[in-house]
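A short worksheet on the structure shown next.
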Amino acid sequence: MSAFLHFSVPDSTMPFREIYGQEHAIDLMNQAVQRDRMPHAWLFTGQANIGKYKTAVALAQKLNCRKCGEDACGECDICFQIAEQNFLDFQVLIPDGKFIKIDQIRKSLNWLHLHLDQAKKRVLILDGAQHLGREAANAFLKTLEEPAPKTLLILIADSSQQLLETIVSRCQQIRFRPLSEEISERILRETTNLSTARIQLLSAFSMGSVNGDLAERLELMETVQQTAIRWLTTFSAATLEEMLRTCETWAKSKNEEWRLLLDFLETWFRDLTWLFRGLPEEKLINRTVGSDENRISALRKSGEHFTLQQIFEIFGWIAESRRTIELNANKSLAVESLCLHMYRSAV
């Protein structure tokens, strides 16, 4: 199946009322609709899994819903067809491999200039716009400069800095906010059958986003965290040997334990900075989570091995490990290098 379309069947029809924690973004779009000042292109930025894509779909529904209320009805044939990506005047473009390629953009540009079928406004979503290849970006820029009538382009990216400045300047940007723990817990309660303790664990480590895949891998996450806590409280030659051996295994695994490890290390060292500064324990991510009552004491024990300056350096190494891995470099080498830096700082 071609990567020109994003064929995933949604769990719901996703009108605005089903999106939590992004009220400011929705208000901006509603104002644009009410004042008839809809731009020809929006740029939605913010971390993954906070509602950017759902909001883009909901906007397409609102603009084309048969009932034309304050929000999409979520019940008419057009709302359902858009949600299922089966509406002729609605398309979602995603990377074909690593990049959104020039051929994909050309097909989309031809489609944008066709006569409307049923829509009041044709909508094209670029989900992962930061992956536009150079040729594709330049071709897409021409569309932004000379937009087709009755069309709306919605670009979705983690950050505007990942895009050409000329593309960003021709879009109206909305920065989506990280989700609060309360919102994360609400979403998890409504979308999973997890216990309250496990929902609290996931929301505490969600870092402002809710990933359904993470909920499915909760047991793996707990295993990675417990293993890392043992390393971070017991620094010895044997610990280093175990760290390197385990990280080599994780780097080869398809379960992406290394990503869970990096996520956890960020929360751990963030909490250590809070403890160093004497800030309230209730603000710690690694406070008592579920049945685990020893995390704060483990944090204090771990903190004995580091200075604040060393912790800031470790944040830099974690970020560098992420960048290296995202460039498809050697995962094992990147994570092992991070472990060596942590070990040398601690002993």
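Structure values in brief
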{"quantity": "Residues being in a strand (DSSP E or B) and under 17 Å from ALA48 (Cα atoms) - total across region 94-131", "calculated": "3"}
{"quantity": "Residue match in region 181-201 (condition: out of contact with any strand residue (DSSP E or B) (no Cβ under 6 Å at 6 or more places or on another chain), within 19 Å of GLN130 (Cβ to Cβ), assigned to a loop (DSSP other than H, G, I, E, B) and touching a residue at least 12 places away in the same chain (Cβ under 8 Å))", "calculated": "no"}
{"quantity": "Elements of type helices (runs of 4 or more DSSP H) contained in region 7-92, each with 1 or more residues being among the aromatic types (Phe, Trp, Tyr)", "calculated": "52-64, 77-83"}
{"quantity": "Number of positions in region 224-251 that are in a helix (DSSP H, G or I), farther than 21 Å from ARG270 by Cβ and either of a type in the set (S, T, N, Q) or over 25 Å from the mean Cα position of the chain (by Cα) (or both)", "calculated": "11"}
{"quantity": "Considering residues of region 68-95 that are among the small types (Gly, Ala, Ser) and touching a residue at least 12 places away in the same chain (Cβ under 8 Å) only, the residue nearest to ILE154 (Cα to Cα)", "calculated": "ALA83"}
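Laboratory data are not the source of any read-out in this text; all were calculated from the coordinates shown. Note that the coordinates shown come from a computational prediction; the quantities given were computed from them, not determined experimentally. Ideal geometry is used to build each Cβ from the backbone, glycine not excepted, and the neighbour counts take in all protein chains shown.
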